[in-house]
1. For each of Ile22, Ile81, Ile115, count neighbouring Cβ atoms within 10 Å of the residue's Cβ, then give the residues from fewest to most.
2. Using Cβ contacts closer than 10 Å as the measure, can you line up Ser83, Ser89, Ser53 from fewest to most?
3. Counting pairs of alpha carbon atoms under 8 Å apart in space and at least six apart in sequence, what relative contact order in percent does the chain give?
4. Show that you can apply the helix-only estimate: for the chain, add -39,500 (n - 2.57) for every DSSP H stretch of four or more residues, divide by all residues, and state [θ] at 222 nm to the nearest 500.
5. Between Leu48 and Val103, how high is the FRET efficiency from 1/(1 + (r/R0)^6) when r is the Cβ-Cβ distance and R₀ = 25 Å? Nearest 0.05.
6. Please name which of Tyr33, His3, Tyr125 has its Cα lying farthest along the dipole of the chain towards the positive end, using unit charges on Cβ (Lys, Arg +1; Asp, Glu -1) and the Cα centre as origin.
7. List the chymotrypsin sites (Phe, Trp or Tyr not before Pro) within segment 43-115 that fall in a DSSP loop (any state other than H, G, I, E or B) and whose Cβ has at most 14 other Cβ atoms within 10 Å.
8. Looking at the P(r) of segment 2-115, how many percent of alpha-carbon pairs lie beyond 18 Å?
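Read the figures in this text as sums done on the coordinates, not as results from a lab. Source: prediction; values computed, not measured. Here the Cβ positions follow ideal geometry from the backbone for every residue, glycine too, while neighbour counts run over all protein chains shown.
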Amino acid sequence: MAHSMGFAYAYGMSQAIIDADILASNNTLGNFYALAPENACTAIGIQLNKYESVWQYGTAENGTNPHIAWQRDGVAPQCAIPSLDWNNSPYGRVRFQGQADFVNAHLGGNYGWVINSFSINEPGYVKPR
């Protein structure tokens, strides 16, 4: 799980593990949860098949139902991790839930709605193991 600029670090570390080819055959890195990742669209070459799932949480800047400008993330404007679409399990994006504004959209209400949503049976929400 990574938030904001931590996305670049987590993605880089994951890629280093993949590039070192130290994963046993047919193993994955597990689930990658990116909360309001900064510059996520720069993750060119992400190998989705090396993860059980990859989910990006944040505001919608485009598509059929975008957040209006003042509700979008003003700290780290969102762009999609390449190849991720909205609610496209197991590799997708989930819209910010709740009242968004220019700053709060980045904080995501501390993203408790992602982590503590065990009763929600929707794609992308963290499930207990």
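1. Fewest-to-most Cβ neighbours within 10 Å comes out as Ile22, Ile115, Ile81.
2. Going from least to most buried by this count: Ser89, Ser83, Ser53.
3. Answer for the chain is 22 percent.
4. -4500 deg cm²/dmol
5. Here the calculated transfer efficiency is 0.20.
6. Selected residue: Tyr125.
7. The qualifying sites are Phe102.
8. Tail of the P(r) past 18 Å holds 48 percent of the pairs.
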